[in-house]
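The values are calculated or read from the model by the stated rules, or taken from the named source; none is laboratory data. Please read all numbers here as calculations on a predicted model, not as lab measurements. All Cβ positions, glycine included, derive from the backbone under ideal geometry; neighbour counts span all protein chains shown.
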Amino acid sequence: MSRVELLGADDAPLVARRYYDEGDPGPIVAALAQVPEMLDSTLAFIGAVLGPSSIDGRTKELVILRTSAVSLCRYCVDSHSVVALDTGVVHDEVAALRNVEAAWTATFADPREAALLGWVDAVAGGRGPVSDESSARFKAEFADHEVVELTLLIAATLMLNRFCTALDLPTATAVLDRLRRERLA
Amino acid sequence: MTVAVAAAVADGVLPGRVWIYSNYHCNLACSYCLTDSAPGVAKRALTADRMVRVAEQAAELGFDAIGVTGGEPFLAPGMAGTLARIADILPTIALTNGTLFSGARLAALDALAGRDIALQISLDAADPDVNDEARGAENFAQVIDAIPKLVERGIRVRLATTVGDVAPHDAARLCALHRELGVADEDHVVRPIVHRGRAAERAIGVHATRDDLPAELTVTADGAYWSPFGPTVRDGRVDTDLLISRTTDPLAVPAELLLRAVEGRPPGTDTTLNIR
């Protein structure tokens, strides 16, 4: 049960209605619709950062899912487990990213992805300055523009993580069904 | 973009009046009330300074008139003085049930004399029983008593008749009555009950969509709306379907969003139901 009313199509404010044209827009939009002037700018930002860009979809989903797991966002972990699977991240990888109690190093041996996930854990899981060691490993594998974009992706995901967690947004039934079928629930 | 708002008002693309919901509580509980107003409901009140600020910003943006409505605005302390301040900024109409004008409240209305303001009072029938069935016991008598007092003070009075249906002979009696009370024909407005708020709960009134309603920017404590028929209340919840923005200061935020929503709407679509 969400902590705020999630506006349905009949209650959608004028400037929010186009987001309902193709059916249920999901709880993030249905919550944001409470403040309709925030919708366009917020969704444009989220779309630009989390959506297709010069960085491939698998890499971005690794970041989003791991960040969400580290910040213990149930809604984002569930939703992006499905997105990750659909993007080609395999079951064992998704399971490893979701599990913050065990190391992912055995699953992600590729040095580039290992450096990336190390950076995610340092940025999303830490407080205060990020260590030079994490930065050095990450920067050894990624160009500066990638460092900037992927760090922005972690930060934007953290914003969504706290938003979805604080408002206790409900996971879609279809997502839960898929996770059960995938033995990830 | 704010220049675009002024141009849109000047060109008639946006209506010139900005409405302000001063408060939602009321001493009456009319059967068709859009806002489910009554004694004891949440006040959702704007302060006097906030209302004046809306009027100032409306003038800066190029709007050319203000409407104040509620609830019953005159339940708010100092409302006559607030209206005088607003009327000094833009021509103003204030909607009232006209039942509170005695004693100090009546004397305070002297502040409105000579200013560009009209008080629009509701009276739904020439027959007291018919009127009072919808608006409450003694309402007809109170309104009939109040109007001449306002006219005598040099305050322009408009009369609003909100009806499901009005027979020609009833309309003729009502018009004879308002003329007798000193209210001119051009100051008598007849409009339909709109199927929102308490009217919707009672399954009465005409169904109005966004395109049936003039896009009059409306400011409330809960945000800005497409029309004064937007921030209606049902089961204690303010409707959101005609919400424009929660931000109302600066007023340019909802004004620009409203203009964006209006652009492209076929002209004349808001006049078919005579909702005003």
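The table below lists the values:
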| item | result |
| --- | --- |
| Residue match in region B:36-54 (condition: touching a residue at least 40 places away in the same chain (Cβ under 8 Å), more than 25 Å from B:VAL238 (Cα to Cα), among the hydrophobic types (A, V, I, L, M, F, W, C) and assigned to a helix (DSSP H, G or I)) | no |
| Region B:232-258, residues that are surrounded by fewer than 22 Cβ atoms within 10 Å (Cβ to Cβ), within 10 Å of chain A (Cβ to nearest Cβ) and not hydroxyl-bearing (Ser, Thr, Tyr) | B:ARG237, B:ASP241, B:ARG246, B:VAL253, B:GLU256 |
| So A:ASP168, is it among the acidic types (Asp, Glu), in a loop (DSSP other than H, G, I, E, B) and more than 23 Å from A:GLY51 (Cβ to Cβ) | yes |
| Qualifying helices (runs of 4 or more DSSP H) (wholly inside region B:115-218; at least 2 residues being within 30 Å of B:GLY81 (Cβ to Cβ), of a type in the set (A, V, I, L, M, F, W, C) and in contact (Cβ under 8 Å) with a residue 12 or more places away in the chain) | B:139-152 |
| Criterion (basic (Lys, Arg), surrounded by 17 or more Cβ atoms within 10 Å (Cβ to Cβ) and under 21 Å from B:ASP165 (Cα atoms)) met by exactly one of B:ARG135, B:ARG115 | B:ARG135 |
| Odd one out for B:GLY71, checked against (1) within 27 Å of B:ASP211 (Cα to Cα); (2) buried (at least 20 other Cβ atoms within 10 Å of the Cβ); (3) in contact with an Asp or Glu (Cβ under 9 Å, 6 or more places away or on another chain) | (3) |
| Residue that is surrounded by the most Cβ atoms within 10 Å (Cβ to Cβ), among those in region A:132-184 that are within 17 Å of the chain's Cα centre (by Cα) and of a type in the set (Gly, Ala, Ser) | A:ALA156 |
| Residue match in region A:90-104 (condition: closer than 19 Å to A:LEU160 by Cα, of a type in the set (A, V, I, L, M) and touching a residue at least 40 places away in the same chain (Cβ under 8 Å)) | no |
| Test for B:ARG198: is it surrounded by 18 or more Cβ atoms within 10 Å (Cβ to Cβ), out of contact with any Ser or Thr (no Cβ under 8 Å at 6 or more places or on another chain) and of a type in the set (Lys, Arg) | no |
| Any hit, region B:220-231, residues being surrounded by fewer than 23 Cβ atoms within 10 Å (Cβ to Cβ) and among the hydroxyl-bearing types (Ser, Thr, Tyr) | no |
| Per-region count, region A:34-59, residues within 20 Å of A:ALA114 (Cβ to Cβ) and surrounded by 23 or more Cβ atoms within 10 Å (Cβ to Cβ) | 0 |
| Residues being out of contact with any Pro (no Cβ under 8 Å at 6 or more places or on another chain) and either among the hydrophobic types (A, V, I, L, M, F, W, C) or within 12 Å of chain A (Cβ to nearest Cβ) (or both) - total across region B:213-231 | 6 |
| Single residue of A:ALA122, A:ALA156, A:ALA102, A:ALA115 found to be modelled with pLDDT under 95 and in contact with a helix residue (DSSP H, G or I) (Cβ under 9 Å, 6 or more places away or on another chain) | A:ALA102 |
| Leading residue by the ranking (nearest to B:ALA10 (Cα to Cα)) among those in region B:50-71 that are of a type in the set (Asp, Glu) and over 17 Å from the mean Cα position of the chain (by Cα) | B:GLU60 |
| Region B:1-21 - residue that is in contact (Cβ under 8 Å) with a residue 60 or more places away in the chain and outside any strand (DSSP E or B) and, of those, surrounded by the most Cβ atoms within 10 Å (Cβ to Cβ) | B:LEU14 |
